[in-house]
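A short worksheet on the structure shown next.
The values are calculated or read from the model by the stated rules, or taken from the named source; none is laboratory data. If you're wondering where the values come from, they're calculated on a predicted model, not measured in any experiment. Cβ atoms come from the backbone with ideal geometry, glycine included; neighbour counts cover every protein chain shown.
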Amino acid sequence: MKRRTFLKGSLAAGVTGVAAGSSVLTPVFAGSHGGDAAMKPADAYKATSVEDALKALGITAEDSDKITVTAPDLAENAAVVPVEVTTELEGAEEIIVMVSKNPAVLAAKFKLGETADPGVKCRFKVGKSGDIVAVVKAGDKYYTAKKAVKVTKGGCGG
């Protein structure tokens, strides 16, 4: 192992440890809803469809026009597709992003702090043409919206 690589890794691990210890960064695992044994995070990450992922997370969601999923209609390089999810729902607590045609559908789960803006921006590798699905938890309910993305090259399939 080269010294420079070792030092970079050590620095990154140290910064992450300090952030986690000071509650600036809180790790969230899909399905971790207060220790409910019926919900298994591993099952959500193994899900091959949006419906199976929602079932594994114990979520029933209804469509909402107060969630906006922004992504390109045509992803020329599907290896880095920019996705933004914003919501106008009051009291948004979580945002979950799924890519419907990826081998592992569940892409990300974000827990929002009380003062956080209700939105996230990420880049995802998209396997095939399909939907980017956003699920937002507000109060005790879940809401969903989606955006179709067409892939031309560079997705999970090659």
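Points to keep in mind about this one:
- Among the conditions (1) modelled with pLDDT under 55; (2) loosely packed, with under 12 Cβ neighbours inside 10 Å, residue 32 misses just one, which is (2).
- Within the stretch 63-73, restricting attention to residues that are assigned to a strand (DSSP E or B) and of a type in the set (S, T, N, Q), the residue that is farthest from residue 131 (Cα to Cα) is 68.
- Among the residues of the stretch 138-153, at least one is hydroxyl-bearing (Ser, Thr, Tyr), touching a Lys or Arg at 6+ places or on another chain (Cβ under 9 Å), assigned by TED's automatic domain parsing to the domain that holds residue 64 and not in a loop (DSSP other than H, G, I, E, B).
- Flag for residue 140 being out of contact with any strand residue (DSSP E or B) (no Cβ under 6 Å at 6 or more places or on another chain) and over 23 Å from residue 57 (Cβ atoms): no
- Residue 138 being among the small types (Gly, Ala, Ser) and either modelled with pLDDT of 95 or more or in contact with a Cys (Cβ under 7 Å, 6 or more places away or on another chain) (or both): yes
Listed here are the residues, each with its yes/no results for (1) at pLDDT 80 or above; (2) touching a Phe, Trp or Tyr at 6+ places or on another chain (Cβ under 9 Å).
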position	(1), (2)
18	no, no
27	no, no
37	no, no
49	yes, no
55	yes, no
63	yes, yes
74	yes, no
88	yes, no
93	yes, no
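- Residue under evaluation residue 44, criteria (1) at pLDDT below 95; (2) assigned by TED's automatic domain parsing to the domain that holds residue 130; (3) surrounded by 20 or more Cβ atoms within 10 Å (Cβ to Cβ), criterion not met: (2)
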